[in-house]
1. So, R0 is 51 Å and r is the distance between the beta-carbons of Thr213 and Phe284; what FRET efficiency does that work out to, to 0.05?
2. Can you give the extra length, in nm with one decimal, that the chain gains between Ser78 and Lys146 once fully stretched, where that is 0.36 nm per residue apart less the Cα-Cα distance?
3. Could you tally the net charge around Leu236, taking each other residue with its Cβ under 15 Å from the Cβ of Leu236, Lys/Arg +1 and Asp/Glu -1?
4. What's the extension gain from Asp37 to Thr228 if we count 0.36 nm per residue and subtract their Cα-Cα distance?
5. What does the highest-first list of 320-327, 14-21 look like by mean Cβ count within 10 Å?
6. Please turn the phi angles of the stretch 58-63 into ³J(HN,Hα) values with the Karplus equation 6.51 cos²θ - 1.76 cosθ + 1.60 (θ = phi - 60°), one per residue in order, whole Hz, x for glycine and proline.
7. Just how much of Arg199 is accessible, in Å², when a 1.4 Å probe is used and the result is rounded to the nearest 10?
8. For each pair in Lys210/Lys289; Lys210/Lys348; Lys17/Lys258, compute the distance between the two Cα atoms and list the pairs where it is over 28 Å.
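The values are calculated or read from the model by the stated rules, or taken from the named source; none is laboratory data. On a predicted model such as this, the values are computed, not experimentally measured, just so you know. Note that each Cβ is placed from the backbone with ideal geometry, even for glycine, and that neighbours are counted across all protein chains shown. These area figures cover heavy atoms from the full protein model, side chains too; ligands, DNA and RNA do not enter into them. Shrake-Rupley method; radii C 1.70, N 1.55, O 1.52, S 1.80 Å.
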Amino acid sequence: HSSSLERQRDLQLEGLKTTGCLSDGTGSCLWVVGKFDPQIRTHMPHGAVACVFSVPSPLDETRPDVYVVEGATLRLDSTRLSAPRTFSNLLREDEIYACHASSIVHAAGLLEGEGHAHSCIARHSLDLKDENHDEVGEVDHNSLDKHLKKAQAMGFRFPPFELPPQASKAEASFDAAERVPVVIIGAGASGLATAACLRLRGIPSIVLEKKATLGGSWDSHFSGLSITTHRDYCGLPYYPVPTDAFPSETLRAQDYLKYLELYAHRFRADVRYGLNVGHISHEFDGTWKVEHLGKGAAINAQAIVVATGQHRTPRSHQLETLAGFEGRVFHSSELHEDEWLCAMEAAKE
């Protein structure tokens with residue numbers, strides 16, 4: 001992500017996909033954070049790993065689910081300093097910016113006469129007669145390991161961090177035959193919101209959806225449908241509609257579908273598609289048995305949430321006023337692009 005088009009072009013030349021919208025990252029579980037932006041904590045998906053090069057970090061106590069690897073700083077051995085430290089902007093006493101540590105290692109290599117090609121990570125040649133050097137240059141990956149070993153020998157060390165477990169309790173993947181804490185039926189707005197709230201409380205759940213896509217009935221409305229409610233009041237719990245992806249104050253049905261996809265990514269909802277629930281029964285042990293028409297056995301759950309919505313089945317009532325009408329009658333869910341244009345032309349006449 002970069003707000004600079006020039007920077008995006010540079011990254012694309014390196015073979016990287018770029019975006020100007022942070023919300024595009026909700027589907028990525030690995031983030032490299034290069035600058036402070038408080039919106040990062042809003043869009044980063046639950047349980048993501050973030051290598052943070054920004055000081056201060058935009059991730060705070062509001063995102064304890066994110067595993068943070070510090071990339072901007074190293075630790076130093078203060079007992080090896082030749083003089084008391086007097087500058088520690090935004091840093092703890094034992095911290096140092098990685099770029100500053102790199103410059104120290106670079107300078108030490110020059111003083112020891114090791115030569116620029118062996119002791120520093122810069123590709124360009126350095127004119128030792130020029131006293132105004134501000135940068136050590138572009139990183140050379142081939143000599144990086146040797147440079148890091150020299151830094152460790154001088155008393156620098158990596159900040160401590162722990163890699164995330166493969167599957168925590170809240171991230172567990174359930175087989176269909178296993179007992180699931182909560183089964184949610186329907187991957188529309190209410191079903192996804194329920195899954196998100198359970199996720200934040202550490203309660204695992206799966207969402208069963210009979211269609212091949214999420215969104216409930218939002219992909220069944222007539223073409224051109226716009227929501228009259230202001231965008232800011234259309235968001236679901238804990239993740240408002242992102243303004244970078246949806247700058248307009250009103251949303252179309254297709255916009256809302258895209259938002260629901262972002263929402264599912266943001267909270268890593270475990271949606272199982274193509275599972276049409278046919279029967280639910282309460283078992284003698286207090287659990288629920290969910291029988292579906294898809295592959296696999298029935299699912300046992302401790303709790304069931306039915307979130308199929310009120311608009312899943314179109315209501316086609318016969319109106320008395322149409323008793324003598326000989327033309328074709330459409331339900332709004334049947335009005336796709338061609339039919340919608342015909343209806344608009346008919347309305348004008």
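1. Numbers: r = 37 Å, r/R0 = 0.72.
The formula returns an efficiency of 0.90 here.
2. Working: separation 68, 0.36 × 68 = 24.48 nm, distance 2.27 nm.
Between Ser78 and Lys146, full extension yields an extra 22.2 nm.
3. Details: positive: Arg199, Arg231, Lys258, Arg266, Arg268; negative: Asp232, Asp255, Glu261.
Cβ neighbours under 15 Å give a net charge of +2.
4. On the way: separation 191, 0.36 × 191 = 68.76 nm, distance 3.12 nm.
Gain on extension, Asp37 to Thr228, equals 65.6 nm.
5. Details: 320-327: 6.9, 14-21: 11.1.
Ranking, from highest mean packing down: 14-21, 320-327.
6. x, 8, 10, 5, 6, 10
7. Accessible area, nearest 10 Å²: 30 Å².
8. Values: Lys210/Lys289 17 Å; Lys210/Lys348 39 Å; Lys17/Lys258 20 Å.
Cα-Cα > 28 Å for Lys210/Lys348; rest within.
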